[in-house]
1. When only residues in region 23-35 that are surrounded by 16 or more Cβ atoms within 10 Å (Cβ to Cβ) and of a type in the set (D, E, K, R) count, which is nearest to Ser81 (Cα to Cα)?
2. From (1) touching a residue at least 12 places away in the same chain (Cβ under 8 Å); (2) touching a Ser or Thr at 6+ places or on another chain (Cβ under 8 Å), pick out the condition that doesn't hold for Gly31.
3. Could you say which residue among Leu84, Leu71 is of a type outside the set (S, T, N, Q) and touching a strand residue (DSSP E or B) at 6+ places or on another chain (Cβ under 6 Å)?
4. Test Met11 against the criterion of being free of Cβ contacts under 8 Å to residues at least 24 places away in the same chain and part of a helix (DSSP H, G or I), and give yes or no.
5. Taking region 76-88 as the search range and keeping residues that are surrounded by 15 or more Cβ atoms within 10 Å (Cβ to Cβ) and in contact with an Asp or Glu (Cβ under 8 Å, 6 or more places away or on another chain), which one is modelled with the lowest pLDDT?
6. Of the residues in region 1-23, how many are of a type in the set (S, T, N, Q) and modelled with pLDDT of 95 or more?
7. Report, by residue number, each residue of region 45-75 that is of a type outside the set (Ser, Thr, Tyr), free of Cβ contacts under 8 Å to residues at least 40 places away in the same chain and buried (at least 18 other Cβ atoms within 10 Å of the Cβ).
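The values are calculated or read from the model by the stated rules, or taken from the named source; none is laboratory data. These numbers were taken from a predicted model, which means no experiment stands behind them. Neighbour counts run over all protein chains shown; Cβ positions are idealised from the backbone, glycine included.
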Amino acid sequence: MTGSIDRLVLMRQGGKVVAADVIDFKTDEIGSDGESTVRDRTEFYRPQVEAYQRAVSKMYRIESERIVGRLLFLSAGIVRSLSLSQTETE
C-alpha cells in the first residue's frame, strides 16, 4: 500500500512523540444534502485514514488511541474526526 498523508501534526513531550493528528484534505463537492454526503464520504475515506493512523503508530511507536484522524472537506468547511475502531487496535 502506498499513500501520502496531507498533514501530520506531532505532539512531543520531552522530545518524544506522544500523540499525533493525521489530517487529510478532501475536495469532494458537498451538495444540498450536505450532512448525508459528508457522512457517506467519511465512511468511504475511513479505511484510508485508518491505514495512515496505523502507519504513524508504527513509525513513531505511539499507541493508536493517541492518534486522531481528521478529514477536512474543503468546499464545505467541515471537519470530521476519526478514531481507529477497537477491533483495528487489538
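1. Kept after step one, since they are surrounded by 16 or more Cβ atoms within 10 Å (Cβ to Cβ), are these residues of region 23-35: 23-24, 26, 28, 30.
Now drop any that are not of a type in the set (D, E, K, R), which leaves 24, 26, 28.
Details: Asp24: 10, Lys26: 13, Asp28: 17 Å.
Ranking the candidates gives Asp24 first.
2. Among (1) touching a residue at least 12 places away in the same chain (Cβ under 8 Å); (2) touching a Ser or Thr at 6+ places or on another chain (Cβ under 8 Å), the lone unmet condition for Gly31 is (1).
3. Details: Leu84 fails: touching a strand residue (DSSP E or B) at 6+ places or on another chain (Cβ under 6 Å).
Every option except Leu71 fails the conditions.
4. no
5. Result: Leu84.
6. Let us first name the residues in region 1-23 that are of a type in the set (S, T, N, Q), namely 2, 4, 13.
Subset that is modelled with pLDDT of 95 or more: 13.
Of the residues in that region, 1 qualify.
7. Once the filter is applied, which keeps residues that are of a type outside the set (Ser, Thr, Tyr), free of Cβ contacts under 8 Å to residues at least 40 places away in the same chain and buried (at least 18 other Cβ atoms within 10 Å of the Cβ), region 45-75 yields Val49, Glu50, Gln53.
Every residue, every condition in (1) touching a residue at least 12 places away in the same chain (Cβ under 8 Å); (2) touching a Leu at 6+ places or on another chain (Cβ under 6 Å); (3) within 16 Å of Ser83 (Cβ to Cβ), yes or no:
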site	(1), (2), (3)
Met1	yes, no, no
Ser4	no, no, no
Gly15	no, no, no
Asp21	yes, no, yes
Thr37	no, no, no
